[in-house]
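For reference, the structure is listed below as structure tokens.
The values are calculated or read from the model by the stated rules, or taken from the named source; none is laboratory data. For clarity, every value in this text was computed on a predicted model and none was experimentally measured. Neighbour counts are summed over all protein chains in view; Cβ atoms, including those assigned to glycine, are modelled from backbone coordinates with ideal geometry. To get the accessible areas, we keep the full protein, side chains included, count just its heavy atoms, and leave off ligands, DNA and RNA. Shrake-Rupley method; radii C 1.70, N 1.55, O 1.52, S 1.80 Å.
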Amino acid sequence: MAQILSLPKVIFGTSALGNLYVVLDDKTKIEIVRTCMQYPSTQKTIVFDCAGKYGAGLALETLGNCLRTLNVQPENVMISNKLGWYRSDELQNGMEPTFEPGVWRNLKYDAIQKISYDGILQCYEQGNQLLNGYKAELVSVHDPDEYVAGVQSETEKNQRYNDIIEAYRALGELKNAGKVKAIGIGSKDWTMIKRIVNDVNLDWIMIANSITVHDHPRELIIFMEELQQRGIIIINAAVFNGGFLIGENYYNYKLMDPIHDQQLFQWRADFFKLCDKYRIKPAQVCIAFGLNAPGVKSIAVSTTDVDRVKENLDMINVESSLIPAIFWNEMKAQGLIDKNYNYV
């Protein structure tokens, strides 16, 4: 049975602190963290979601420095570190990292994947060092789906899956020793979560890019209902599909082309038109949809804009009932969401 874990409605993503898509100056990064720390929650603790992959450790490093600059006491913040990527060699000026080239900007270091019993512990220790006085209390294996997909043969895939299970054995020992509070998983491919959750005792799962107003497969909904029955907390991440659903150019971290991806752009145009008709902000629809999905206790949101942080928080605090039922009905009628979806 999963551990009883209480999380606020919003968890703050930190990919922007690792220079995802754009480079923010230090002042802006501090203001983003400051705004997050001012979030009016019934819980005292604020939760940040981070990862060694975000800017090859830059997000962890920046988060720790920002919290220290703001004199935040460690007991007033909870940090989730998705483990599996380890800061490695220093990059020469202008060089792209070997992982996700074209996505991260102006990085000083590269990162390598380390998913194994020893490797995950190395990622955990390095992450805490980069956090500079703060420690991760929520830990998980990051992108296990991509790790298994990175090899071709079934033998290699099975070996890599075993690496993941060994990594979770190490995390389980950290939890039993009282070094971390809870263990979870972060994955873009929910079918990998479904596989692992049957082999590992997890407290929470983070589904990324998978349950959004644009994309909500029936098979995933059924799985989420099962997790809800088992008492496993679901965190819904990337409810804007990487920003595309609110007007940005990337969909799930890939740059979209208006001609090649015409169907996707048409969906967004129709979505924006309907939002405008009812005078509802697209972001509000995305957040309400993401929070109301079965078993979801929190959503993880990240932004490069201080004002957008405040705007998103205001939307989360507003009851989703302010979005009229007729809006959702028209979304279904136009084929913008599944007509059989029952959670809006």
(message) Compute, for segment 17-117, the length of the dipole vector about the Cα centre, with Cβ point charges of +1 (Lys, Arg) and -1 (Asp, Glu) only. Units Debye, rounded to 20.
(response) 260 debye
(request) Mind pulling the angle between the C-alpha long axis of helix 117-131 and the longest principal axis of the chain? Nearest 10 degrees, somewhere in 0 to 90. (result) 80 degrees
(request) Report, for segment 1-117, the % of DSSP beta bridges that are antiparallel, rounded to 5. (result) 40 percent
(request) Would you kindly find the accessible area of TRP267, with a 1.4 Å probe and non-protein molecules such as ligands, DNA and RNA excluded, rounding to the nearest 10 Å²? (result) 30 Å²
(request) First check a/c for segment 154-205, with a ≥ b ≥ c the square roots of the eigenvalues of its C-alpha gyration tensor; if it is under 1.5, answer rounded, and if not, answer prolate when a/b is larger than b/c or oblate otherwise. (result) oblate
(message) Please list, in order, the residues from segment 261-281 whose amide nitrogen is less than 13 Å from a point placed 7 Å along the Cα→Cβ vector of GLU330.
(response) 270-281
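Students sometimes get this wrong: rank LYS254, LYS53 by accessible area, probe 1.4 Å, all chains present, largest first. Mind dumping the intermediate values first?
Values: LYS254 135, LYS53 5 Å².
Most to least solvent-accessible, the answer reads LYS254, LYS53.
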(request) Return the aspartates and glutamates within reach of LYS297: Cα separation strictly under 15 angstrom, same-chain partners fewer than 8 residues apart disregarded; answer none if there are no such residues. (result) ASP49, ASP203, GLU225, GLU226, GLU319
(request) Could you calculate the contour length gain from LEU255 to ASN71, that is, 0.36 nm times the residue separation minus the distance between their Cα atoms, to one decimal place in nm? (result) 62.5 nm
(request) Would you kindly find the accessible area of SER210, with a 1.4 Å probe and non-protein molecules such as ligands, DNA and RNA excluded, rounding to the nearest 10 Å²? (result) 10 Å²
(message) Let's see if you can work this out: charge +1 on each Lys and Arg Cβ, -1 on each Asp and Glu Cβ, no other charges. What is the dipole magnitude of segment 244-344 about its Cα centre, in debye to the nearest 20?
(response) 200 debye
(message) Amide H of CYS50 versus every other amide H placed in the peptide plane: which residues, excluding those fewer than 5 positions away on the same chain, fall under 5 Å?
(response) SER80, ASN81, LYS82
(request) Taking the Cα centre of the chain as origin, sum charge times position over the Cβ atoms of Lys and Arg (+1) and Asp and Glu (-1), and report the length of that vector in debye to the nearest 20. (result) 800 debye
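At a threshold of 8 angstrom on Cα-Cα distance, excluding pairs fewer than six apart, so keeping six or more, what relative contact order does segment 1-92 reach in percent?
On the way: 118 pairs, mean separation 31.2, N = 92.
Reported relative contact order: 34 percent.
Could you please put THR14, THR28 in sequence from largest to smallest accessible area, using a 1.4 Å probe? Mind showing how you got there, number by number?
Values: THR14 5, THR28 40 Å².
Listed by decreasing accessible area, they come as THR28, THR14.
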(request) Could you order LEU7, LEU245 by accessible surface area, starting with the largest, using a probe radius of 1.4 Å? (result) LEU7, LEU245
(message) Out of all DSSP beta bridges in segment 203-324, what portion is antiparallel? Express it as a percent rounded to 5.
(response) 20 percent
(message) To check you understand DSSP bridge types, tell me what percent of the beta bridges within the chain (both residues inside) are antiparallel, rounded to 5.
(response) 15 percent
(message) Could you give each residue of segment 186-191 its phi-based ³J(HN,Hα) in whole Hz, using Karplus coefficients 6.51, -1.76, 1.60 with θ = phi - 60°, and x for Gly or Pro?
(response) x, 8, 7, 9, 5, 5
(request) Mind pulling the angle between the C-alpha long axis of helix 218-230 and the longest principal axis of the chain? Nearest 10 degrees, somewhere in 0 to 90. (result) 60 degrees
(request) Using +1 at the Cβ of each Lys and Arg and -1 at the Cβ of each Asp and Glu in segment 196-344, identify which of PHE265, SER302, ASN252 lies farthest towards the dipole's positive end. (result) PHE265
(message) What distance in nm lies between label points placed 7 Å from Cα along the C-beta direction at TYR343 and GLN262?
(response) 3.4 nm
(message) Full-extension gain between VAL22 and GLU90, please, as 0.36 nm times their residue separation minus the C-alpha to C-alpha distance.
(response) 22.5 nm
(request) Determine how large the accessible area of ASP118 is when every protein chain is in place; take a 1.4 Å probe and give Å² rounded to the nearest 10. (result) 100 Å²
(request) Would you look at the GNM of the chain, springs on alpha carbons closer than 10 Å, and say which of TYR86, TYR251, TYR278 moves the most? (result) TYR278
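So which of LYS108/LYS273; LYS181/LYS339; LYS29/LYS114; LYS9/LYS157; LYS53/LYS157 end up more than 31 Å apart by C-alpha?
Details: LYS108/LYS273 42 Å; LYS181/LYS339 40 Å; LYS29/LYS114 28 Å; LYS9/LYS157 36 Å; LYS53/LYS157 22 Å.
Violating the 31 Å Cα-Cα cut-off are LYS108/LYS273; LYS181/LYS339; LYS9/LYS157.
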(message) Taking the solvent-accessible surface of protein heavy atoms with a 1.4 Å probe, what is the per residue accessible area of the chain in Å²?
(response) 46 Å²
(request) Treating the angle as unsigned and between 0 and 90°, give the value, to the nearest 10°, between the Cα long axis of helix 262-277 and the longest Cα principal axis of the chain. (result) 60 degrees
